[in-house]
């Protein structure tokens, strides 16, 4: 840790742990201490650490072909795109390396499509307050949390913000300059904030009526996290554009921008690119991960675990009034507290459980989706003990 602080930029408030090994839902530090990991790389290792099928796929590809540039075709990339199209609303896929990158791609795509279809002047994107879309300048400009903007102005123009879960606010913000609405179906970094049942269907209808594109950022919510492959399925809608990343290759860097054929047609050779996007090794890993994550029986198991966690967390809330609200779906949960959450995170870490806090007072649980009932019980028991210690 001392060596790191001397040579690595101080962009993270790191926990005082040096992690050296992971297996399944557990990680070990350099002192040999074991932890249950309910951060999962912030919803990245949905299939757990060092998954053998993914390691095998990546290792095999490493001995065959690592990189040749996207000016050529490669088999793992095509197979992954075919699978994503088969499993989603989309007709076309663009690959990059991260969520921020594919959100940048989504911003470019909807603006270019609107320019080609409607002409100049229709470029503005309506985004949500409290949203999070990434740290690059374009994704940051679409992020509705001013604390992330400090010192980086001027941000890119062409974004406006309305309250999340307020359909009327979106309708009032629409004018002739708007081309799209962009949001997370469930706000993750914003505190695990869920929409009302009619909000996303209402947005879909509004976009259809006004000729706007609907962009869903499913970077944290997608790939099984909510008990369906994509969170949109819980609300009965499909977007025009969707972004995925995080869990797509279960820890290797992969992002995907998905769109209908009509919208994707706005991208032609020379309009967008990524040097490392869908490199053969990462694409091979993603193919293995997606095959496992999309299995119906696997997703049914996530839903069952989510119901179990919800009951347990609501019981916890009855014992600790400091828990203002329990929010979540599948294996994505937030406990909003009336106090700061950092002491709870520290108390859990001391007891061998890793979780994190967002927005200062929302304890967030994002365990690997493979977590067992026994591990869930251990997680919940440790969380209770931590609350007892912090709020006696």
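Of all residues in the stretch 262-284, those being within 19 Å of residue 243 (Cβ to Cβ), in contact with a helix residue (DSSP H, G or I) (Cβ under 6 Å, 6 or more places away or on another chain) and surrounded by 20 or more Cβ atoms within 10 Å (Cβ to Cβ) number 4.
Name the single residue that is surrounded by the fewest Cβ atoms within 10 Å (Cβ to Cβ) among those in the stretch 351-384 being assigned to a helix (DSSP H, G or I) and touching a helix residue (DSSP H, G or I) at 6+ places or on another chain (Cβ under 8 Å). Filtering first and then ranking leaves 373. Residues that are more than 14 Å from the chain's Cα centre (by Cα) and part of a loop (DSSP other than H, G, I, E, B) were ranked within the stretch 234-255; the one that is surrounded by the fewest Cβ atoms within 10 Å (Cβ to Cβ) is 236. Would you check if residue 231 is touching a residue at least 12 places away in the same chain (Cβ under 8 Å), under 18 Å from residue 93 (Cα atoms), buried (at least 23 other Cβ atoms within 10 Å of the Cβ) and under 12 Å from the mean Cα position of the chain (by Cα)? Answer is no for this residue. The C-beta contact set for the stretch 339-368 (first residue without any contact (Cβ under 8 Å) to a residue 24 or more places away in the chain, second residue part of a loop (DSSP other than H, G, I, E, B) and surrounded by 22 or more Cβ atoms within 10 Å (Cβ to Cβ), distance under 6 angstrom, 6+ apart or interchain) comprises 357/341.
Among all residues of the stretch 62-84, there is none that is in a helix (DSSP H, G or I), outside the structural domain of residue 97 (by TED's automatic domain parsing) and either in contact with a strand residue (DSSP E or B) (Cβ under 6 Å, 6 or more places away or on another chain) or more than 19 Å from residue 251 (Cα to Cα) (or both).
The values are calculated or read from the model by the stated rules, or taken from the named source; none is laboratory data. Here the structure is a predicted model, which is why all the values come from computation and not from measurement. Reconstructed Cβ throughout: ideal geometry from the backbone, glycine too, with neighbour counts over all protein chains shown.
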